[in-house]
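Visitor: Please find one structure pasted underneath; my questions will follow.
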Amino acid sequence: MTQTATPAKPKFHPTPAMIAAAEALFIAIAYEQTVRPIVEGYQRKVLAERRWEVDPVMQVTDGVVEYVTDIKSAWLMSNSDHALYHQRCNEERIAAQISSAIDDSRSQDDCCPLLVAEEAVRQARFCLCDAMADITKIDGARAVTLAAAHQDRIVDLSLRLLAPFVKNPLALLKAS
């Protein structure tokens with residue numbers, strides 16, 4: 001019997017753009033995970049301060065007053081209540097010393113830090129898809145059309161492939 005050797009798989013060599021995209025996504029995820037408990041904490045605190053009515057237009061049953069009991073449902077408030085809720089959340093954001101603006105083009109009061117962080121993660125995910133398109137054959141524009149589970153899988157596999165090439169940000173602390 002003759003045995004033939006199987007050819008070795010080519011070694012993966014990521015481009016600098018791939019590595020940078022992975023690093024950006026890791027940083028965005030870390031930032032989101034940092035601000036989420038703080039923001040959701042003060043949102044719950046503000047929600048508990050009073051009974052926030054659901055806008056009558058949004059209520060399920062006519063004539064039955066409903067109240068917002070979950071931070072994910074704050075959008076159901078009337079415009080006036082939501083403005084007050086937003087103002088109180090902004091006061092709590094300031095007290096927590098969290099920046100919410102991505103740059104100086106908008107007022108700090110315009111943005112929820114958690115929404116800013118979530119958007120940064122979304123953008124970084126699509127940048128990673130663009131950077132990995134030569135490998136995955138799915139760029140950011142195509143990834144948008146996929147089911148969330150498929151997007152998550154592509155991003156997860158890409159990050160797993162690139163993680164060994166990403167610089168350890170903690171290594172900088174040891175050098176000091």
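The values are calculated or read from the model by the stated rules, or taken from the named source; none is laboratory data. Nothing here was measured: the structure is a model prediction, and the numbers come from that model. As a convention, Cβ positions derive from the backbone with ideal geometry for all residues, glycine included, and neighbour counts pool all protein chains shown.
Visitor: Look through the range 122-137, keep the residues that are among the aliphatic types (A, V, I, L, M) and crowded, with 19+ Cβ neighbours inside 10 Å, and return whichever of them is nearest to Ser99 (Cα to Cα).
Guide: The selected residue is Ala124.
Visitor: Hey, another quick one. Given the options Glu53, Glu23, Glu92, name the one that is closer than 30 Å to Met132 by Cα and at pLDDT below 95.
Guide: Glu23
Visitor: Any idea which of Asp156, Asp104 is modelled with pLDDT of 95 or more and either part of a loop (DSSP other than H, G, I, E, B) or surrounded by fewer than 16 Cβ atoms within 10 Å (Cβ to Cβ) (or both)?
Guide: That would be Asp156, the only listed residue that is modelled with pLDDT of 95 or more and either part of a loop (DSSP other than H, G, I, E, B) or surrounded by fewer than 16 Cβ atoms within 10 Å (Cβ to Cβ) (or both).
Visitor: Additional query: Considering the range 33-55 alone, what residues qualify as being of a type outside the set (D, E, K, R) and not in a helix (DSSP H, G or I)?
Guide: Trp52, Val54 - these are the residues of the range 33-55 that are of a type outside the set (D, E, K, R) and not in a helix (DSSP H, G or I).
Visitor: Oh, and also: Need the failing condition index for Gln33 against (1) polar (S, T, N, Q); (2) farther than 25 Å from Asp152 by Cβ; (3) without any contact (Cβ under 8 Å) to a residue 24 or more places away in the chain, just the number.
Guide: (2)
Visitor: How many of the residues making up the range 56-85 are modelled with pLDDT of 90 or more, part of a loop (DSSP other than H, G, I, E, B) and of a type in the set (Ser, Thr, Tyr)?
Guide: Summing the residues that are modelled with pLDDT of 90 or more, part of a loop (DSSP other than H, G, I, E, B) and of a type in the set (Ser, Thr, Tyr) in the range 56-85 gives 2.
Visitor: Same structure again: Test Ala30 against the stated conditions and say whether it is under 20 Å from Arg160 (Cα atoms) and assigned to a helix (DSSP H, G or I).
Guide: Yes: the conditions hold for Ala30.
Visitor: Oh, and also: For Arg122, which of the numbered conditions (1) free of Cβ contacts under 8 Å to residues at least 24 places away in the same chain; (2) over 30 Å from Asp156 (Cβ atoms) fails to hold?
Guide: (2)
Visitor: From the set of residues in the range 30-66 that are among the hydroxyl-bearing types (Ser, Thr, Tyr) and within 23 Å of Leu115 (Cβ to Cβ), which is surrounded by the fewest Cβ atoms within 10 Å (Cβ to Cβ)?
Guide: Thr34
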